[in-house]
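The values are calculated or read from the model by the stated rules, or taken from the named source; none is laboratory data. Computed from a prediction, not measured in an experiment: that's the story for all the values here. Backbone-built Cβ (ideal geometry, glycine too); neighbour counts: all protein chains shown. Side chains included, ligands, DNA and RNA excluded: accessible areas come from the protein's heavy atoms. Shrake-Rupley method; radii C 1.70, N 1.55, O 1.52, S 1.80 Å.
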Amino acid sequence: MHILTDFPRQQLFELLRTMPKAELHVHIEGTLEPELIFALAQRNGVTLPYDGIEALRAAYAFTDLQSFLDIYYAGAGVLLHEQDFFDMAMAYFHRAAADRIVHAELFFDPQTHTARGVPIGTVIRGLTRACDTAREQLGISSALILCFLRHLSEADAFDTLEQALPYREHFIGVGLDSSERGNPPEKFARVFARCRELGLRIVAHAGEEGPADYIRDALDLLGAERVDHGVRCVDDPLLVERLARERIPLTVCPLSNIKLCVFDTMAAHNMATLLEAGLCVTVNSDDPAYFGGYLNQNFVETFQALPQLGASHAVQLAKNSFDASFVSDEQKARWHDELARTVARFGPEQAAPLTAT
Ligand code: HPA
Ligand code: ZN
């Protein structure tokens, strides 16, 4: 991991931008840019409580997770028709292509839409059509993960699962998001047991604002195969050991963590600590339209703020993103090869130790 700390800084940032990578923690409703919110509001005749794009952007001054969620759910209120969901996701896929994302696993929040009378089929059909179009036109592979809102009841989650089942082949797994504190994993243990019976892949947000205990409970009570955020694991050394031993991936979102005040500054972020502990950490954008940047911006700002991170960490993070994804081992191997080819273009001196890590 340390062989390449001398890799020239300028080339490091070029490597970060051009290396193939997967994004595993992005809420598609969190990619809705203010411009698109206003365009959809006009198209759909929805009135927004903001004078314009700049006034809306000015409201993006968050103090914690809840202060963000209030604005995020309001922004999603402009999404009414299948075409709206398609347009939102396609805008994300174009950004993803520019960031050299070759695979994306997208979260969506059906309850945010069904509660407003938008049928779940409208949501899933629009997103699925975008995923198909992204593969055909941009060569990006993708999958959908349905998230339950944890501030709502277990009964509401069961009802949502029921509504989603006619579209079972269009999503690969389920997750758990929204207000973490006071809504522990155990509240949804029975819903997730049913999801496991249905053969769905399992992820859950845990240890973003909530305690390390919620991470352990996400693993033991929900069967989470991947933990979203998980940065609070460092409060429990035994848990860190377990995450490393069982190679349970963490989908870390650096810019999100700064904007929601999980860490005061990027220099105070524990990304390097997590990597040094041998965890399968990945970098992700979470809600890029709200947090100041898409995936490459997350990579660049993290590496700028943490000078102990070098090229070997960059390559490790890209490898981790493929290893942590829900694709076949054959597909993972193809992306590992593609990554090695990109690294090799940075010159034989740099490439030799890199490909050996
Ligand atoms: N945490 C919890 N719920 C969310 C988030 C997040 O970072 N983004 C969108 N929903
Ligand atoms: Zn998230």
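Numbers for the structure displayed
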quantity	calculated
Solvent exposure, largest accessible area first (probe 1.4 Å, DNA, RNA and ligands not counted), of K21, K259	K259, K21
Interchain or long-range residues, amide H under 5 Å from R226's placed H	A204
Sum of -39500 (n - 2.57) over DSSP H runs of 4+, divided by residues of the chain (222 nm, nearest 500)	-15000 deg cm²/dmol
Placed amide H near A104: partners under 5 Å, 5+ positions off or other chain	E23, S141, S142, A143
Computed Kirkwood radius, in angstrom, where 1/r is averaged over Cα pairs of the chain	20.6
5 angstrom amide H check on L32, placed H, neighbours 5+ away	A289
Viscosity 0.692 mPa s, temperature 37 °C, Stokes-Einstein D of the range 261-354 from Kirkwood C-alpha radius, µm²/s	225
Carbon/sulfur fraction of accessible area - the chain, other protein chains in place, 1.4 Å, %	51
Convex hull per residue volume in Å³, alpha carbons only, for the range 1-87	172
Gain in span if fully extended, A193 to A55, counting 0.36 nm per residue against the direct Cα distance	45.3 nm
Two-site label geometry, H151 and Q331: point separation in nm, points 7 Å out along Cα→Cβ	3.3
Ordering of 146-155, 337-346 by burial proxy (mean other Cβ atoms within 10 Å per residue, highest first)	146-155, 337-346
For the chain, with +1 on Lys and Arg beta carbons and -1 on Asp and Glu, the positive-most of Q304, A333, T122 along the dipole	A333
Contact order normalised by residue count of the chain, Cα under 8 Å, 6+ apart, percent	22
Estimated distance in nm for a label pair at Q308 and R116, the labels positioned 7 Å out from Cα along Cα-to-Cβ	4.4
Where only alpha carbons of the range 103-183 are counted, the Rg and the Dmax (Å)	13.3, 43
Hits among aspartates and glutamates - C-alpha to C-alpha of K21 under 18 Å, sequence gap 8 or more where chains match	D99, E105, D228, D286, D287, E301, D323, D329, E330, D337, E338
Among 116-125, 274-283, the order from most to least packed when residues are scored by Cβ within 10 Å on average	274-283, 116-125
Residue-wise HN-Hα coupling along the range 208-214, computed from phi with Karplus coefficients 6.51, -1.76, 1.60 (Hz; x: Gly, Pro)	8, 9, x, x, 4, 4, 5
Cβ-defined net charge surrounding L198, 12 Å radius [Lys, Arg +1; Asp, Glu -1]	+1
Cα-centre dipole for the chain with unit charges at Cβ (Lys and Arg positive, Asp and Glu negative), debye to 20	660
Dipole magnitude of the range 145-216 about its Cα centre (Cβ charges: Lys, Arg +1; Asp, Glu -1), debye to nearest 20	220
In sequence order, calculated HN-Hα J values of the range 191-200 (Karplus, 6.51, -1.76, 1.60; Hz; x Gly/Pro)	4, 5, 4, 5, 5, 5, 4, 7, x, 7
Under the Karplus curve 6.51 cos²θ - 1.76 cosθ + 1.60, θ = phi - 60°, whole-Hz ³J(HN,Hα) for the range 244-260, x wherever Gly or Pro sits	5, 4, 8, 6, 8, x, 10, 9, 8, 10, x, 5, 4, 4, 6, 5, 9
Peptides 295-304, 224-233, 10-19 ordered by average Cβ neighbours within 10 Å, highest first	224-233, 295-304, 10-19
